[in-house]
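Here is the structure we will look at.
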Amino acid sequence: MPEPPPPFDPRGLLAALDHYRVAYIVVGAFARVVQGADEVTRGVDIVPSPRADNLRRLDAALAELGARRPNGSAPTFAGGEELEPVVELTTDRGELKIIPEPEGTRGYEDLRRAATREHIGQGLRPAVASLGDLSRMLAALGREEDMPKLLDMRRLAELEISQGIEI
């Protein structure tokens, strides 16, 4: 019988990253929820800064979180090897995906320019990809099942524009 997934605790997961001063941008479904989308997710996707010192801090945070790959091995990113397009991990706080360069972007520096710090409670203010960048990533995937999500992102962007909020 497969082991049940750990409870999803996004604040605990992000707090561990912040404790180790990992530079990252939240993307994916959790970012869309933070930006106002009506979705359900069981994990957090991040784009870390590729700097060597940041990847060492990421490794330390992942060790504290008990992160493991599907095969049970511990992930390491600071070794300088080429990063996989998507690294899926299970942690003691839920699912975590490390995505060095999401589709439709050039990675951390590209997303950082428009990311905003969003309050998610308990004193946490992670950098979250902008609505425009989240839409760009969904569109670049080109999946039919993402069309409703893409339309939601565009509606949220229109709402922000109508309220005079710059995205």
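The values are calculated or read from the model by the stated rules, or taken from the named source; none is laboratory data. Small disclaimer: the values here were computed from a predicted structure and weren't measured. A quick note on method: Cβ atoms are made from the backbone with ideal geometry, for glycine too, and the neighbour counts reach across all protein chains shown.
Taken as a whole, the condition of being more than 26 Å from R154 (Cβ to Cβ) and touching a strand residue (DSSP E or B) at 6+ places or on another chain (Cβ under 6 Å) applies to E88. The set of residues in region 81-94 being crowded, with 19+ Cβ neighbours inside 10 Å and touching a residue at least 40 places away in the same chain (Cβ under 8 Å) consists of T90, T91, R93, G94.
Residues checked against (1) modelled with pLDDT under 95; (2) farther than 21 Å from L131 by Cα:
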position	(1), (2)
E3	yes, yes
L14	no, no
V26	no, no
R32	yes, no
V44	no, no
N71	yes, yes
E82	yes, yes
I99	no, no
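When you check A61 against the structure, is it at pLDDT 90 or above, of a type in the set (A, V, I, L, M) and within 16 Å of the chain's Cα centre (by Cα), yes or no? Answer is yes for this residue. Restricted to region 30-58, and to residues there that are in contact with a helix residue (DSSP H, G or I) (Cβ under 8 Å, 6 or more places away or on another chain) and among the small types (G, A, S), the residue that is surrounded by the fewest Cβ atoms within 10 Å (Cβ to Cβ) is G36. Look at region 86-104 and say how many of its residues are in contact with an Asp or Glu (Cβ under 7 Å, 6 or more places away or on another chain), in a loop (DSSP other than H, G, I, E, B) and not aliphatic (A, V, I, L, M). Residues that pass the stated criteria total 1. In region 18-28, of all residues being in a helix (DSSP H, G or I) and in contact (Cβ under 8 Å) with a residue 60 or more places away in the chain, the one that is surrounded by the fewest Cβ atoms within 10 Å (Cβ to Cβ) corresponds to D18.
Can G104 be described as under 18 Å from R32 (Cα atoms), touching a residue at least 60 places away in the same chain (Cβ under 8 Å) and within 17 Å of the chain's Cα centre (by Cα)? Explain how you work it out, then say what you get.
Values: under 18 Å from R32 (Cα atoms): yes; touching a residue at least 60 places away in the same chain (Cβ under 8 Å): no; within 17 Å of the chain's Cα centre (by Cα): yes.
No; evaluated as a whole, the condition is false for this residue.
Between A74, A61, A31, the distinction of being in a helix (DSSP H, G or I), among the hydrophobic types (A, V, I, L, M, F, W, C) and touching a strand residue (DSSP E or B) at 6+ places or on another chain (Cβ under 8 Å) belongs to A31 only. Of T105, T90, all but one fail to be of a type in the set (S, T, N, Q) and closer than 19 Å to F8 by Cβ; the exception is T90.
Against the definition (touching a helix residue (DSSP H, G or I) at 6+ places or on another chain (Cβ under 7 Å) and within 25 Å of R136 (Cβ to Cβ)), how does V86 come out, yes or no?
On the way: touching a helix residue (DSSP H, G or I) at 6+ places or on another chain (Cβ under 7 Å): no; within 25 Å of R136 (Cβ to Cβ): yes.
The answer is no for V86.
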